[in-house]
Amino acid sequence: MSSATGGSSTEDPVERGDAAAPPPASEEDWSAGILVPRTERGFRTQERLLEAAKEIFVRDGFLDAKITDITALARMSSGSFYTYFDSKEAIFTAVIRKVNEGLYVAASVPTGSSRDPLERFELVTRAYVRAYQENAGLLAILEQVATISPRFREMRRNIRQIFRNRSEKGIRRLQNEGRVDPTLSPRCVAEAITSMVSNFCYVWLVLGEDYEEEEVIQTLTTLWASGIGLKPAAGS
């Protein structure tokens, strides 16, 4: 999950300038069955369907959600649904894509933020935790559907890769700066950090373990920094 004073660096993975949602491993996986509207009105109509679908999926789960319930909530005909999506799977994919884009942007350091890695870790962790809270219901459903659907399992894997790859770039940069043990595998460390943060949020916000938000943020930030053996900057 991870430039900042005036200029931006393409090597820093959590600069806002790098925060535009990245393309998935296979664009076809994300766009299959989703029709692109040709008019502004069409985009607004599609957005209404997506907002309704989010509510229905959270309420009923993926398996029990019905297209008729989505269109009823959106106050549209069932026929209109198929103008924009060819199936329930397609609209769920579109919903999850928006969630993923939101998480990616949230877990990005704004331009002009501190260059201190520890402060940046905390900023990113706080933003990610809050974005996860807002989307916990949908993320829980994705976890469930990924266990029974190869397509959504691959999508779940791809989402993790996006965050892992960005963290990996940040760890390599810190290694080049002499701030992190150069013998560590950036890829493995990034995978471990991604797993720690996302799985903790799942246990806390989906399974319902009781933790205070600030306690979580500070603990995850400390473990992130200690896990990579973060060292003070030279001369500090």
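The values are calculated or read from the model by the stated rules, or taken from the named source; none is laboratory data. If you're wondering where the values come from, they're calculated on a predicted model, not measured in any experiment. Neighbour counts run over all protein chains shown; Cβ positions are idealised from the backbone, glycine included. Calculation scope for accessible area: heavy atoms of the full protein, side chains included, ligands and nucleic acids excluded. Shrake-Rupley method; radii C 1.70, N 1.55, O 1.52, S 1.80 Å.
List of remarks:
- For Asp60, the criteria (1) of a type outside the set (Phe, Trp, Tyr); (2) out of contact with any Leu (no Cβ under 7 Å at 6 or more places or on another chain); (3) surrounded by 19 or more Cβ atoms within 10 Å (Cβ to Cβ) hold in every case but one, which is (3).
- Just one residue in the set Ile193, Ile162 is touching a Phe, Trp or Tyr at 6+ places or on another chain (Cβ under 9 Å), at pLDDT below 90, in a helix (DSSP H, G or I) and not hydroxyl-bearing (Ser, Thr, Tyr); that residue is Ile162.
- Residue within the range 10-27 that is closer than 28 Å to Tyr128 by Cα, hydroxyl-bearing (Ser, Thr, Tyr) and either touching a helix residue (DSSP H, G or I) at 6+ places or on another chain (Cβ under 8 Å) or modelled with pLDDT of 95 or more (or both) present: yes
- Selection count where residues are over 26 Å from Gly33 (Cβ atoms) and of a type in the set (Ser, Thr, Tyr), scope the range 115-160: 3
- Counted residues, the range 214-236 - those being farther than 25 Å from Glu177 by Cβ and open to solvent by less than 50 Å² (accessible area, probe 1.4 Å): 1
- When residues of the range 191-204 are limited to those that are surrounded by 13 or more Cβ atoms within 10 Å (Cβ to Cβ) and more than 15 Å from the chain's Cα centre (by Cα), the one nearest to Gly137 (Cα to Cα): Trp204
- Counting only helices (runs of 4 or more DSSP H) that fall entirely inside the range 46-140 and contain at least 2 residues that are within 21 Å of the chain's Cα centre (by Cα) and of a type in the set (Val, Ile, Thr), the qualifying elements are 88-106.
- Test set (1) at pLDDT 90 or above; (2) open to solvent by 20 Å² or more (accessible area, probe 1.4 Å) - Thr111 fails condition number: (1)
- Annotation note: Cβ proximity below 7 Å between a residue of the range 114-136 that is at negative phi and a residue that is surrounded by fewer than 20 Cβ atoms within 10 Å (Cβ to Cβ) and not in a helix (DSSP H, G or I) (sequence gap 6+ or interchain) occurs for Arg115/Thr5; Pro117/Arg179; Pro117/Leu230; Leu118/Leu230; Arg120/Ser113; Arg120/Ser114; Leu123/Ser113; Ala136/Val206.
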